[in-house]
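The block underneath contains the structure these notes are about, expressed in structure tokens.
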Amino acid sequence: MKIVVCVKQVPDTAEVKLDREKNTLIRDGVPSIINPYDRHAIEAALSIKEQAGGGTVTAISMGPPQAEAALREAIELGVDEGVLLTDRAFAGSDTLATSRALAAMISIISPDVIFCGKQAIDGDTAQVGPEVAEFLGIPHVAYVRKIVTVSDGAIRVERLMDDGYDVVDTSLPVLFTAVKELNTPRLPSLRGKMAAKKAVIKKITAADLSIPEGELGLSGSPTQVNRVFTPEARGGRKALSGSLEEQVSALAGELRAMSCA
Amino acid sequence: MDYQLTEEQVMIRDLARQIARERVVPVRAEMDEKGIFPWEIIKVLGESDLMGLHIPQEYGGMASGALAHMVAIEELSKACLGVSTTYAANALGTFPLLFFGSDEKKKKFLPEIASGKRLVAFALTEANAGSDASGIQTTAKLDGNEYVLNGTKQWITNGGEAEIYTVVAMTDKSRGARGASAFVVEKGAPGFTFGKKEDKMGIRCSATRELVFENCRIPKDNLLGREGMGFLVAMKTLDHSRCGVGSQGLGVAAGALDEAVKFARERVQFGHPIIGFQAIQHMLADMATAVEAARALVYSVARAMESGVKDFSKVSAMAKVFATDVGMRVTTDAVQILGGSGYMKEYPVEKMMRDAKILQIFEGTNQILRNVIGQELNKEAARGN
Ligand SMILES: Cc1cc2nc3c(=O)[nH]c(=O)nc-3n(C[C@H](O)[C@H](O)[C@H](O)COP(=O)(O)OP(=O)(O)OC[C@H]3O[C@@H](n4cnc5c(N)ncnc54)[C@H](O)[C@@H]3O)c2cc1C
């Protein structure tokens, strides 16, 4: 089984503050981490490989040269190799241009299964996974919460929905996006750390992917950010306390006063 | 202080620290209260390759050396001595196999120990044989192709949970201390059962249990070394493991010091954080100095052991005595600095102080080890060095 897992390096948003003047994130001095959902994707990729009793897991990332650290961290966890798409030509890519580049790389590897996190915690779009699948012309299942069975040429998964879950059978190749319910990501191993130290991360440029220039980076990105703002805090909130009975009667009183009931 | 750790030793430290922070600290209070054996954590340690630091690579281990092993024990001990006791006792039980097992026995047992799939225990103590191990009454008699064991071992760490036991028993009582032999016994051997499980003051997630042998039959070749070598096996094993108990003392002291400093910076009385009071500062200064001295001694002894020095009974006893006395003193002082909060279970130093006490008792009480050090001094002087 050949598996690819897409990994993004993101600022640890638990530590990020907003510059209220410029309306941008203050990223200076904020530690970079693997996007938390991608950790679940990595875990799923590794456990499928282990269940299958063989194969390779390749982690790929698009980002600045520092993003290499995220790939090394993936190798510490047991991923076999890391590929970094890094080039000035990629800078400013929106989800469409990013997906195009990732898909071009993935089609070279031609894996059976691709895992992504459901979304990145810095952009929160949840678009890249499905877009990559579309570029590749393969099926995808987003929000996978459980891998039920893996057999030759077919996988059954559970997809998390607002009101329950779907059971989905899919042929291969296929792309999945992982939610945190999928698994508990493992910790690194000593052998993994040693391998990561020695690993050579393959660097890929725009030229290696033979994508026309206008389709990458800023010029290949139809998304334009007009304005970034913090939503106004909505007023009129109230927290009730006391026993359940007290809270219920207080709530009923509030609603009556607002003539909702 | 910078102890010039190698790249691999730093990786091991970081890994053990991460496991301690993410997997041990969140559950230690509950494991302590309910006496839950830390299987979940052992599984993680196994997957992280840390269960095999002391095992050669040809048997599936990492062969990382004594110092790396001390560093791992120290980091786990900062978080929970119950967990680190389980971990260190596993190495203790492995040493007889490592030093005296045949290649065939090593191939059979060591890879599963290195991966954390099977735990080991070391069984010497009996009801009438504590400090005076020569008083053991468990017997092993050769009967055809099997040894038959009879007797009861007491207070065995990892007892009941481990699947592999290294056991010292008398094969020839008439020869006294030269009549003991060491064996490997697997859980499930006919006639081998478990007795009383102890309810303890501290290290409550570590299992301490009786082993009962009633006409327990094991294959003849489960003998480690030769007949009569039992106490030699035990002494060599304990010489190797005692420095690790020292590292437990160092770890729990370092953990308690961190808590004391943190608390002293936050707690305000008389309008000032209490860390501003000289009485508190001086206590913290003595605690920090003791921790650093313990670390320097434990690490130096570990390096000496790695360098192939033959006889390190004296120095490993020193590392154990000094660092575990530091462990007791620093955890007690940490409780003092936290005041009433330190006495409450909401803060971790209460458990640290209860846990620390065992380190002065097991693997040779600190009095007995002072005897060992004193006797060595006498011998050295007699030899003229
Ligand atoms: C939690 C726990 C886990 C343990 N795990 C194991 C294990 O895994 N395997 C194992 O084999 N054993 C284990 N033990 C046993 C442990 O090693 C013994 O308890 C220890 O060696 C002391 O023996 P004792 O308790 O019988 O004390 P005793 O020998 O009865 O000593 C009582 C007191 O007298 C002092 N004393 C005795 N003789 C002298 C002397 N000659 N000079 C000065 N003072 C002396 C001692 O220092 C002590 O203060 C464990 C014990 C505990 C409590």
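Relative contact order for chain A using alpha-carbon pairs under 8 Å, separation at least 6, rounded to a whole percent? Show your work: numbers first, answer last.
Working: 495 pairs, mean separation 60.2, N = 261.
Once normalised by length, the contact order is 23 percent.
Please report the relative contact order for chain B, taking Cα pairs under 8 Å with a sequence separation of at least 6, and give it as a percent rounded to a whole number. Provide the component values of the computation, followed by the final result.
Numbers: 741 pairs, mean separation 63.2, N = 385.
In percent, rounded to a whole number, it is 16.
Specify which residue in the list A:LEU160, A:GLY29, A:MET62 is farthest towards the positive end of the charge dipole of chain A, using unit charges on the beta carbon of Lys, Arg (+1) and Asp, Glu (-1), about the Cα centre.
Going by the Cα projections, it comes out as A:GLY29.
Can you grab the distance from the C-alpha centre of region B:338-353 to the C-alpha centre of region A:1-55, Å, no decimals?
Rounded to whole Å, the Cα centres lie 37 Å apart.
Quote the Stokes-Einstein diffusion coefficient, in whole µm² s⁻¹, for region A:1-136, based on the Kirkwood radius over alpha carbon pairs, a temperature of 25 °C and a viscosity of 0.890 mPa s. Intermediate results must be reported in sequence, preceding the final value.
Details: Rh = 15.3 Å.
Result for D is 160 µm²/s.
Got a sec to turn the phi values of region A:2-11 into Karplus ³J(HN,Hα) couplings, 6.51 cos²θ - 1.76 cosθ + 1.60 with θ = phi - 60°, whole Hz, x for Gly and Pro?
For region A:2-11, the Karplus-derived couplings read 9, 10, 10, 10, 8, 10, 10, 8, 10, x Hz, x marking Gly and Pro.
Using Cα-only point scatterers and the Debye equation, what is log10 of I(q)/I(0) for region B:231-383 at each q in 0.12, 0.14, 0.15, 0.16 Å⁻¹, rounded to two decimals?
Values, matching the q order: -0.55, -0.69, -0.76, -0.83.
Out of all DSSP beta bridges with both ends in chain B, state the antiparallel percent to the nearest 5.
85 percent
Starting from the Kirkwood radius over alpha-carbon pairs of chain B, derive D by Stokes-Einstein at 37 °C in a medium of 0.692 mPa s and give it in µm² s⁻¹. It would help to have the intermediate numbers written out before the result.
On the way: Rh = 21.3 Å.
Rounded to a whole number, D works out at 154 µm²/s.
If you put +1 on each Lys and Arg Cβ and -1 on each Asp and Glu Cβ, how big is the dipole of region A:74-199 around its Cα centre, in Debye rounded to 20?
Values: 13 positive and 17 negative charges, 130 e Å.
Charge dipole, region A:74-199, about its Cα centre: 620 debye, nearest 20.
State the antiparallel share, in %, of DSSP beta bridges confined to the protein assembly as shown, rounding to the nearest 5.
Details: 50 of 79 bridges.
So the antiparallel bridges in the protein assembly as shown amount to around 65 percent.
From zero up to wherever the largest Cα-Cα distance of the protein assembly as shown sits, split into 10 Å bins and tell me the percent of pairs in each.
Computed distribution, short to long bins: 3, 13, 19, 20, 18, 15, 8, 3, 1, 0.
Sum up the charges of everything whose Cβ sits under 14 Å from the Cβ of A:PRO130, counting Lys and Arg as +1 and Asp and Glu as -1, but leave A:PRO130 out.
On the way: positive: A:ARG100, A:LYS118, A:ARG159; negative: A:GLU131, A:GLU134.
Net of charged neighbours comes to +1.
Using alpha carbon centroids, what distance separates region A:90-144 and region B:130-201, in Å?
61 Å
Normalising by the residue count of region B:120-228, find the relative contact order in percent from Cα pairs under 8 Å and 6+ residues apart.
Details: 254 pairs, mean separation 34.3, N = 109.
Reported as a whole number, the value is 31 percent.
Would you mind counting up the charge near A:ILE204? Only other residues with Cβ under 15 Å from its Cβ, with Lys and Arg at +1 and Asp and Glu at -1.
Working: positive: A:ARG88, A:ARG100, A:LYS202, A:LYS203; negative: A:GLU68, A:GLU81, A:ASP87, A:ASP208.
That sum, taken over residues with Cβ under 15 Å, equals 0.
Once A and B are treated as a pair rather than alone, how much accessible area drops out, both sides summed, in Å² to 100, probe 1.4 Å? All intermediate terms of the calculation are to be shown ahead of the outcome.
Details: alone 15020 and 17080 Å², together 30900 Å².
Approximately 1200 Å², summed over both chains.
Take chain B, connect every pair of alpha-carbon atoms lying under 10 Å apart with a spring to form a Gaussian network, then pick out the residue of B:CYS216, B:CYS80, B:CYS205 with the largest mean-square fluctuation.
B:CYS216
Return one number: the angle in degrees, 0 to 90 and rounded to the nearest 10, between the long axis of the Cα atoms of helix A:68-77 and the longest principal axis of the Cα atoms of chain A.
90 degrees
Per residue of region A:109-121, in order, report the coupling 6.51 cos²θ - 1.76 cosθ + 1.60 (Karplus, θ = phi - 60°) as ³J(HN,Hα) in whole Hz, putting x for Gly and Pro.
Rounded to whole hertz, the list is 6, 6, x, 7, 9, 10, 10, 10, x, 5, 6, 9, 6.
Grab the other residues whose beta carbon is less than 15 angstrom from that of A:PRO36, score K and R as +1, D and E as -1, and report the net.
Details: positive: A:LYS8, A:ARG39, A:LYS118, A:LYS180, A:ARG186; negative: A:ASP12, A:GLU15, A:ASP38, A:GLU43, A:GLU73, A:ASP122, A:ASP124, A:GLU181, B:GLU22.
Net of charged neighbours comes to -4.
About the Cα centre of the protein assembly as shown, how large is the charge dipole given +1 on each Lys and Arg Cβ and -1 on each Asp and Glu Cβ? Please answer in debye to the nearest 20. Write out the running numbers ahead of the final one.
Values: 75 positive and 81 negative charges, 319 e Å.
Computed charge dipole of the protein assembly as shown: roughly 1540 debye.
From the residues B:THR157, B:PHE270, B:ALA323, which one has its Cα farthest along the dipole of chain B in the positive direction, the dipole being from +1 and -1 charges on Cβ of Lys/Arg and Asp/Glu about the Cα centre?
Working it through, the farthest residue towards the positive pole turns out to be B:THR157.
What number comes out for accessible area per residue over chain A if the probe is 1.4 Å? Units Å², please. Walk me through the intermediate numbers first.
Details: 14380 Å² over 261 residues.
Ligands and nucleic acids excluded, the figure is 55 Å² per residue.
Which residues does a label at B:LYS262 reach in region B:1-32, if reach means a backbone N under 16 Å from a point 7 Å past the Cα toward the Cβ?
B:17-30
State which entries of B:LYS196/B:LYS314; B:LYS153/B:LYS357; B:LYS173/B:LYS220; B:LYS106/B:LYS196; B:LYS105/B:LYS200 exceed 26 angstrom in Cα-Cα distance in the structure shown.
Working: B:LYS196/B:LYS314 34 Å; B:LYS153/B:LYS357 22 Å; B:LYS173/B:LYS220 19 Å; B:LYS106/B:LYS196 30 Å; B:LYS105/B:LYS200 34 Å.
Distance filter (> 26 Å) returns B:LYS196/B:LYS314; B:LYS106/B:LYS196; B:LYS105/B:LYS200.
With each label point set 7 Å from Cα along the Cα-Cβ vector, what nm distance links A:ASP122 and B:ASP311?
Roughly 6.3 nm, to one decimal.
Sort B:153-161, B:36-44 by packing, meaning the average of other beta carbons within 10 Å per residue, with the highest value first. Write out the running numbers ahead of the final one.
On the way: B:153-161: 22.7, B:36-44: 18.3.
Final packing ranking: B:153-161, B:36-44.
Pick from B:ASN128, B:ASN215, B:ASN145: which residue has the top mean-square fluctuation in a GNM of chain B where Cα pairs under 10 Å get a spring?
For chain B, modelled as a Gaussian network with Cα springs under 10 Å, the answer is B:ASN145.
How much of the DSSP beta bridge set in chain A is antiparallel, as a percent to the nearest 5? Don't jump to the answer; show the numbers that get you there.
Numbers: 20 of 44 bridges.
Rounded to the nearest five, the antiparallel share is 45 percent.
State to the nearest 20 debye the size of the charge dipole of region B:120-228 about its Cα centre, where the only charges are +1 on K and R beta carbons and -1 on D and E beta carbons. Could the numbers behind the result be given before it?
Details: 14 positive and 14 negative charges, 31 e Å.
The calculation lands at about 140 debye.
Ignoring ligands, DNA and RNA, what percent of the 1.4 Å accessible area of region B:36-170 is carbon and sulfur?
Numbers: 1990 of 4180 Å².
Its accessible area is 48 percent carbon and sulfur atoms.
In the Gaussian network model of chain A, springs joining C-alpha atoms below 10 Å, which of A:ASP163, A:ASP80, A:ASP38 carries the largest mean-square fluctuation?
Result: A:ASP163 has the largest fluctuation of those listed.
Only helical DSSP H runs with n ≥ 4 go in: add -39500 (n - 2.57) per run for chain B, normalise by residue count and round the 222 nm mean residue ellipticity to 500 deg cm²/dmol.
Working: 11 runs with 193 residues, N = 385.
Counting only the DSSP helices, I get -17000 deg cm²/dmol.
List, by residue number, every residue in region A:178-193 with a reduction of 20 Å² or greater in accessible area between the chain on its own and the complete protein assembly, 1.4 Å probe.
For region A:178-193, once contacts with the other chains are taken into account, A:LEU187, A:PRO188, A:SER189, A:LEU190, A:ARG191, A:LYS193 lose 20 Å² or more.
Restricting to DSSP H runs of at least four residues, report the calculated mean residue ellipticity at 222 nm for chain A, -39500 (n - 2.57) per run over all residues, nearest 500 deg cm²/dmol.
Working: 7 runs with 78 residues, N = 261.
Result for chain A, helices only: -9000 deg cm²/dmol.
Checking buried surface per residue: for region B:1-41, which residues lose a minimum of 20 Å² accessible area in the protein assembly relative to the chain alone (1.4 Å probe)?
Residues shielded by partner chains are B:GLU7, B:GLU8, B:MET11, B:LEU15, B:GLN18, B:ARG23.
For region B:1-125, evaluate the Debye formula with one uniform point scatterer on each Cα (no solvent term) and list log10 I(q)/I(0) at q = 0.11, 0.15 Å⁻¹, rounded to two decimals.
Result of the Debye calculation: -0.36, -0.67.
DSSP H helices in chain B with Cα extent of 27 Å or more along the helix axis and mean Kyte-Doolittle hydropathy at least -0.5?
Values: long enough: B:81-100 (29 Å, 1.16); B:230-266 (54 Å, 0.29); B:278-306 (41 Å, 0.49); B:313-338 (37 Å, 0.62).
Flagged H segments are B:81-100, B:230-266, B:278-306, B:313-338.
The values are calculated or read from the model by the stated rules, or taken from the named source; none is laboratory data. Computed from a predicted structure; not experimentally measured. Ideal geometry is used to build each Cβ from the backbone, glycine not excepted, and the neighbour counts take in all protein chains shown. Side chains included, ligands, DNA and RNA excluded: accessible areas come from the protein's heavy atoms. Shrake-Rupley method; radii C 1.70, N 1.55, O 1.52, S 1.80 Å.
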